[in-house]
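Engineer: This is the structure I want to talk about, given as structure tokens.
The values are calculated or read from the model by the stated rules, or taken from the named source; none is laboratory data. Computed from a prediction, not measured in an experiment: that's the story for all the values here. Using ideal geometry, Cβ is built from the backbone for each residue, glycine included, and neighbour counts are taken over all protein chains shown. Ligands, DNA and RNA are excluded from the accessible area calculation, which covers all protein heavy atoms including side chains. Shrake-Rupley method; radii C 1.70, N 1.55, O 1.52, S 1.80 Å.
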Amino acid sequence: QVLLVESGGGLVQAGGSLRLSCAASGRTFSSYTMGWFRQAPGKEREFVVAISRSGGNAYYADSVKGRFTIAKDKAKNTVYLQMNNLKPEDTARYYCAGADTVFIVIMESRYDSWGQGAQVTVSS
């Protein structure tokens with residue numbers, strides 16, 4: 001497992017942008033597939049995006065495709081989620097997660113490391 005700490009959440013108007021960061025500790029970070037999930041009040045946690053351990057491939061949920069971008073900086077042990085053109089329905093607590101696998105996975109159960117979450121609120 002790796003220790004994950006998110007930062008960068010906040011309040012933004014619709015159409016605005018935010019960048020979330022997820023700092024990881026542990027020498028195994030480079031072998032981890034990293035993902036972002038989110039949970040809105042009263043709803044189940046849902047997959048947002050995942051990036052391969054090489055950082056060369058990513059898979060996005062349809063709801064964020066074209067607006068969100070994930071990137072992995074292995075030198076800094078950090079994963080970023082750039083969120084543009086935010087909508088009120090993007091309001092949620094966003095969680096960074098890590099999975100010790102070569103595959104890009106979207107199921108929560110495949111992830112064994114989780115951050116504490118960062119709140120993103122988008123006002124209309």
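Engineer: For the range 1-54, what log10 I(q)/I(0) values come out of the Debye formula at q = 0.13 1/Å, with one point per alpha carbon and no solvent?
Structural biologist: -0.43
Engineer: Roughly how many percent of the accessible protein surface of the chain is carbon and sulfur, given a 1.4 Å probe and a whole-percent answer?
Structural biologist: Values: 3040 of 6270 Å².
It is 48 percent, rounded to a whole number.
Engineer: Dipole size in debye (nearest 20) for the chain around its Cα centre, Lys and Arg Cβ +1, Asp and Glu Cβ -1? Please list the in-between numbers first.
Structural biologist: Values: 14 positive and 10 negative charges, 56 e Å.
Charge dipole, the chain, about its Cα centre: 260 debye, nearest 20.
Engineer: To continue, here is another question. Testing the spin-label approximation: label points 7 Å from Cα along Cα→Cβ at Asn85 and Ser7. State their distance in nm.
Structural biologist: 3.0 nm
Engineer: Please report the Cα spread of the chain along all three principal axes, rounded to whole Å, starting with the longest.
Structural biologist: Projected onto the principal axes, the Cα atoms of the chain cover 41, 27, 25 Å.
Engineer: Could you size up the charge dipole of the range 65-124 around its Cα centre, putting +1 on the beta carbon of Lys and Arg and -1 on that of Asp and Glu, and report it in debye to the nearest 20?
Structural biologist: It comes to approximately 200 debye.
Engineer: Taking the Cβ of Leu18 as the centre, find all other residues whose Cβ is under 15 Å away and add up their charges (Lys, Arg: +1; Asp, Glu: -1).
Structural biologist: Here the charged neighbours net out to +2.
Engineer: A further question on this structure: Once each part is reduced to its C-alpha centroid, what is the distance from the range 20-71 to the range 100-124 in angstrom?
Structural biologist: 6 Å
Engineer: What per residue convex hull volume, in Å³, comes out for the range 53-95 when only alpha-carbon positions are used?
Structural biologist: Considering the Cα atoms of the range 53-95, their hull volume per residue is 86 Å³.
Engineer: Per-residue HN-Hα couplings for the range 14-26, Karplus 6.51 cos²θ - 1.76 cosθ + 1.60 at θ = phi - 60°, whole Hz, x for Gly and Pro?
Structural biologist: So the J values, rounded to whole Hz, are 4, x, x, 10, 9, 10, 9, 10, 9, 8, 10, 10, x.
Engineer: Solvent-accessible area per residue for the chain at a 1.4 Å probe radius, Å²?
Structural biologist: Accessible area per residue, the chain: 51 Å².
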